[in-house]
Amino acid sequence: MESTIGIVIICGVILLFVVLFFAFVPVGLWISCLAANVKVNIFNMVGMKLRRVVPSAIVLPLIKAQKAGLKLTVNQLEAHYLAGGHVDNVVNALIASERAGIELPFERAAAIDLAGRDVLDAVRMSVNPKVIETPNISAVAKDGIELLVKARVTVRADLERLVGGAGEATTLARIGEGIVTTVGSADSHKQVLENPDDISRLVLSKGLDSGTAFEILSIDIADIDVGRNIGAQLQILQAEADKNIAQAKAEERRAMAVAREQEMRAYVVEAEAEVPKAMAQAFREGNLGVLDYYRMQNVKADTKMREALGEGGSINVELKAKESDQTS
């Protein structure tokens, strides 16, 4: 009985050891290496496990690379994996560049991948250029007419400048700047409409792809639309501003005239206030008699009466005119 229990325990330990061995040691992957004639030691795969590297992420791309005739080592792929790169994508890019006859070392491909760019897409763009369509770019000619220009830009990825080079947004911004400058230097918008190829030629001659990750192959003007008359609108706005300034100055002059009038009225009131004092002084000094005073009062009353009669006469004339109109 005890011998049977011992045999069961030994078998269980052996079975557990076998399970752990096959779970920890990638035997199937090692057999694939042997079948593909790729020299990868099984202990090296165990070391990958200990370094927290997925062995299949290294061995399978290595098999693919060696079958394509690329000379890569396990250490290169494992170092790129540990740095956070995409090993399979880099190997695919190297195979594509080798088939297309593009020189792309592993170090450059790894640097492009670690820079956050899709190295395989960059190789494909080098082989098959990409067409980028710009939005409507507003530009104004010297005659003040706005033109809305849309261009199609054919670019090819430059693998030499892909690391550290400006992206697609910078390229489009430079092209927009070149179009605005070219249209702005034209004397008339009709000149631009007659020769749209001048825009492409002048923009290409400016070397707008310097410092970018792309090489501009061609710039084709897809559409030009005539927009607003910016010059006329600016003149209208300037005229409106001049009118507002003139109105403000006129209002200022009117306010100064009103203030001057009020000041003069104050002087008149002040002068009229001095009349009774002068009359009293004249009475005390004997220069003005009572008869003279009453004569002056009669003159003032006669003047007021004439003014009242004159105003009443004009009112009566107006009333008679209205009555004759109604009668007729």
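The values are calculated or read from the model by the stated rules, or taken from the named source; none is laboratory data. As the structure is a computational prediction, the values presented were derived from the model and not from experiment. All Cβ positions, even for glycine, are placed from backbone atoms using ideal geometry, and neighbour counts span all protein chains on display. Accessible surface areas use protein heavy atoms only, side chains included; no ligands, DNA or RNA. Shrake-Rupley method; radii C 1.70, N 1.55, O 1.52, S 1.80 Å.
Values as computed for the structure displayed
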quantity: Scope the range 98-118; condition without any contact (Cβ under 8 Å) to a residue 40 or more places away in the chain and not in a loop (DSSP other than H, G, I, E, B); matching residues; calculated: Glu98, Arg99, Ala100, Phe106, Glu107, Ala109, Ala110, Asp113, Leu114
quantity: Positions within the range 105-118 being over 27 Å from the mean Cα position of the chain (by Cα) and either under 16 Å from Leu82 (Cβ atoms) or at pLDDT below 85 (or both), in sequence order; calculated: Phe106, Glu107, Ala110, Ala111, Asp113, Leu114
quantity: Condition broken by Leu288, with the remaining ones in (1) at pLDDT below 70; (2) assigned to a helix (DSSP H, G or I); (3) surrounded by 10 or more Cβ atoms within 10 Å (Cβ to Cβ) satisfied; calculated: (2)
quantity: Filtered residues of the range 183-213 (kept if farther than 21 Å from Glu146 by Cα and open to solvent by less than 70 Å² (accessible area, probe 1.4 Å)); calculated: Gly207, Leu208, Asp209, Ser210, Gly211, Thr212, Ala213
quantity: All positions within the range 57-80 that are of a type in the set (Val, Ile, Thr) and part of a helix (DSSP H, G or I); calculated: Ile58, Val59, Ile63, Val74
quantity: Residues (open to solvent by 50 Å² or more (accessible area, probe 1.4 Å), closer than 30 Å to Val91 by Cβ and either small (Gly, Ala, Ser) or in a strand (DSSP E or B) (or both)) located in the range 124-177; calculated: Lys130, Val131, Arg156, Gly164, Ala169
quantity: Failed item in (1) modelled with pLDDT under 85; (2) open to solvent by 30 Å² or more (accessible area, probe 1.4 Å); (3) in contact with a strand residue (DSSP E or B) (Cβ under 6 Å, 6 or more places away or on another chain); (4) part of a helix (DSSP H, G or I), with Val180 passing the rest; calculated: (1)
quantity: Subset of the range 93-123 [closer than 26 Å to Gly176 by Cβ and either surrounded by fewer than 16 Cβ atoms within 10 Å (Cβ to Cβ) or of a type in the set (Ser, Thr, Tyr) (or both)]; calculated: Ala115, Gly116, Asp118, Asp121
quantity: Test result for Asp225, within 30 Å of Val119 (Cα to Cα) and in contact (Cβ under 8 Å) with a residue 40 or more places away in the chain; calculated: no
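Every residue, every condition in (1) over 30 Å from Glu194 (Cβ atoms); (2) at pLDDT below 75; (3) part of a helix (DSSP H, G or I); (4) touching a strand residue (DSSP E or B) at 6+ places or on another chain (Cβ under 9 Å), yes or no:
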{"site": "Ile224", "(1), (2), (3), (4)": "no, no, no, yes"}
{"site": "Lys243", "(1), (2), (3), (4)": "yes, no, yes, no"}
{"site": "Arg253", "(1), (2), (3), (4)": "yes, no, yes, no"}
{"site": "Ala257", "(1), (2), (3), (4)": "yes, no, yes, no"}
{"site": "Lys304", "(1), (2), (3), (4)": "yes, no, yes, no"}
{"site": "Gly310", "(1), (2), (3), (4)": "yes, yes, yes, no"}
{"site": "Ala321", "(1), (2), (3), (4)": "yes, yes, yes, no"}
